[in-house]
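Participant: I have a structure I would like to understand better, so I am pasting it below and will then ask my questions one at a time.
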Amino acid sequence: MTTVARPVLVVANWKMHTTPLEASDLAVAIAAATSDDAIGRVICPPFVALAAVAAAVAGTGVEVGAQNVHDRPFGAHTGEISAPMLRGLASWCIVGHSERRRDQAETDDVIGRKLERCLESGLRPILCVGERLAEREAGLAEVTVRDQLKGASSALTGKGELGQAGLVVAYEPVWAIGTGRTARGVDAAVMAEAIRDALDALGWPDAAAIPVLYGGSVTSSTMAEFIAEPSIDGALVGGASLKVDEMAGIVARAALTARARVAQDPVG
Ligand code: 13P
């Protein structure tokens, strides 16, 4: 794999927070406080707030993502949301978040089909992978993440579609999510490299160009440690993304690095 400049991204995952009205106000405030075209900014509100947030951020450069999508394009699945329904509302979609793997028992097969649905509907997937604490302590962090990537890739493998997925991967160690405990930047960087190596081995074209974000208790104070690592291309932010000041600090720090990277590698 050759080294290439990758875009820097900050993605807000609002999880099960905000009513549509609250989401609209928060999105307006965040868009205004983070105005910077050096990086990509994405807000992923709950489904019911997608339309409100899409309207609120129109013209600001902030993009909108869904937090999930069903693995079938349509059908008798009461209460579910399919990828075609998201057209016009979202351009990104989080897939395989560990909270869904845990709460909805999502398997890598299901997650792979979700990637396929995203691809069919032109949604850019943010595929979440990450190990549990016991797996890290047993020295199985890389193996766990490799298996997750393999399972999720299986629906696309052999269909010549891997390169068109516009994939972003978020490395989110389960033990760091919502705990206030973060991975060390150097450890997250090792995992980001392992993720790109695994994608390359799985046949993803241009794996070196696939952005890898870190997620897990990122705040304006911890962002620097992660974005200082050349293999990490931004953050998937949970709790702190509901706070305007925190988002302003996180985006400002990420934008600083994005500019420095472009200055180092202007043609990349
Ligand atoms: P926290 O930032 O709240 O730990 O959540 C991380 C996360 O799960 C983002 O998807």
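Participant: Filter region 51-99 for residues that are farther than 22 Å from residue 8 by Cα, among the aliphatic types (A, V, I, L, M) and touching a strand residue (DSSP E or B) at 6+ places or on another chain (Cβ under 8 Å) and give the result.
Facilitator: 69, 81, 83, 86, 89, listed by residue number.
Participant: From the set of residues in region 163-174 that are surrounded by 21 or more Cβ atoms within 10 Å (Cβ to Cβ) and among the hydrophobic types (A, V, I, L, M, F, W, C), which is farthest from the ligand (Cβ to nearest atom)?
Facilitator: Restricting to residues being surrounded by 21 or more Cβ atoms within 10 Å (Cβ to Cβ) and among the hydrophobic types (A, V, I, L, M, F, W, C), the top hit is 167.
Participant: Mind telling me which of the residues 208, 188, 240, 260 ends up being hydrophobic (A, V, I, L, M, F, W, C), over 24 Å from residue 102 (Cα atoms) and free of Cβ contacts under 8 Å to residues at least 60 places away in the same chain?
Facilitator: Values: 208 fails: free of Cβ contacts under 8 Å to residues at least 60 places away in the same chain; 188 fails: over 24 Å from residue 102 (Cα atoms); 240 fails: over 24 Å from residue 102 (Cα atoms).
It is 260.
Participant: Follow-up. From the list 37, 108, 25, which residue is touching a Lys or Arg at 6+ places or on another chain (Cβ under 8 Å), more than 16 Å from the ligand (Cβ to nearest atom) and at negative phi? Don't jump to the end; show me each part of the working.
Facilitator: Details: 37 fails: touching a Lys or Arg at 6+ places or on another chain (Cβ under 8 Å); 25 fails: touching a Lys or Arg at 6+ places or on another chain (Cβ under 8 Å).
Going through 37, 108, 25 in turn, the sole match is 108.
Participant: Quick one: which of 169, 145 is among the β-branched types (Val, Ile, Thr), within 26 Å of residue 62 (Cα to Cα) and under 16 Å from the mean Cα position of the chain (by Cα)? Lay out the reasoning, then the answer.
Facilitator: On the way: 145 fails: within 26 Å of residue 62 (Cα to Cα).
From the options 169, 145, the qualifying one is 169.
Participant: Pick from 123, 140: which is modelled with pLDDT of 95 or more, surrounded by fewer than 18 Cβ atoms within 10 Å (Cβ to Cβ) and aliphatic (A, V, I, L, M)? I'd like the intermediate steps shown before the answer.
Facilitator: Values: 123 fails: surrounded by fewer than 18 Cβ atoms within 10 Å (Cβ to Cβ).
Result of the check over 123, 140: 140.
Participant: Being out of contact with any Leu (no Cβ under 8 Å at 6 or more places or on another chain), among the basic types (Lys, Arg) and more than 21 Å from residue 234 (Cβ to Cβ) is the filter here; which residues of region 141-187 pass it?
Facilitator: Result: 146, 159.
Participant: Can you run down the residue pairs with Cβ atoms below 7 Å, 6 or more apart or on separate chains, where the first is in region 3-15 and within 18 Å of residue 90 (Cβ to Cβ) and of a type in the set (Ser, Thr, Tyr) and the partner is modelled with pLDDT of 95 or more and within 16 Å of the ligand (Cβ to nearest atom)?
Facilitator: none
Participant: Let me ask another. If the requirement is being more than 12 Å from the ligand (Cβ to nearest atom), under 18 Å from the mean Cα position of the chain (by Cα), crowded, with 20+ Cβ neighbours inside 10 Å and not charged (D, E, K, R), which of these qualifies: 209, 254, 240, 235? I'd like the intermediate steps shown before the answer.
Facilitator: Working: 209 fails: crowded, with 20+ Cβ neighbours inside 10 Å; 240 fails: more than 12 Å from the ligand (Cβ to nearest atom); 235 fails: more than 12 Å from the ligand (Cβ to nearest atom).
Just a single option satisfies the conditions, and that option is 254.
Participant: Give just the number: which of (1) free of Cβ contacts under 8 Å to residues at least 60 places away in the same chain; (2) closer than 30 Å to residue 33 by Cα does residue 65 not satisfy?
Facilitator: Single failed check for residue 65: (1).
Participant: Can you tell me which of (1) under 21 Å from residue 124 (Cα atoms); (2) in a loop (DSSP other than H, G, I, E, B); (3) within 16 Å of the ligand (Cβ to nearest atom) is the one residue 155 doesn't meet?
Facilitator: (3)
Participant: So, residue 172, is that one at pLDDT 90 or above and out of contact with any Cys (no Cβ under 9 Å at 6 or more places or on another chain) or not?
Facilitator: Working: at pLDDT 90 or above: yes; out of contact with any Cys (no Cβ under 9 Å at 6 or more places or on another chain): no.
No: the conditions fail for residue 172.
Participant: Filter region 83-102 down to the residues that are surrounded by fewer than 17 Cβ atoms within 10 Å (Cβ to Cβ) and more than 19 Å from the chain's Cα centre (by Cα) and list them by number.
Facilitator: Answer for region 83-102, where residues must be surrounded by fewer than 17 Cβ atoms within 10 Å (Cβ to Cβ) and more than 19 Å from the chain's Cα centre (by Cα): 84, 88.
Participant: Out of the residues in region 177-191 that are within 24 Å of residue 124 (Cβ to Cβ) and modelled with pLDDT of 95 or more, state the one that is nearest to the ligand (Cβ to nearest atom).
Facilitator: 188
Participant: Hey, among the residues in region 15-55 that are in a loop (DSSP other than H, G, I, E, B) and of a type in the set (Ser, Thr, Tyr), which one's surrounded by the most Cβ atoms within 10 Å (Cβ to Cβ)?
Facilitator: If we filter region 15-55 for residues that are in a loop (DSSP other than H, G, I, E, B), which is where we start, we get 15-19, 34-39, 45-46.
After this cut, where a residue has to be of a type in the set (Ser, Thr, Tyr) as well, the list is 18-19, 34-35.
Working: 18: 20, 19: 13, 34: 24, 35: 14.
So the residue we want is 34.
Participant: Which of (1) in a helix (DSSP H, G or I); (2) modelled with pLDDT of 95 or more; (3) away from the ligand (no atom under 16 Å from the Cβ) does residue 145 not meet, given it meets every other one?
Facilitator: (3)
The values are calculated or read from the model by the stated rules, or taken from the named source; none is laboratory data. Quantities reported herein were computed from a predicted structural model and do not represent experimental measurements. In this analysis, Cβ positions are derived from the backbone assuming ideal geometry, glycine residues included, and neighbour counts consider all displayed protein chains.
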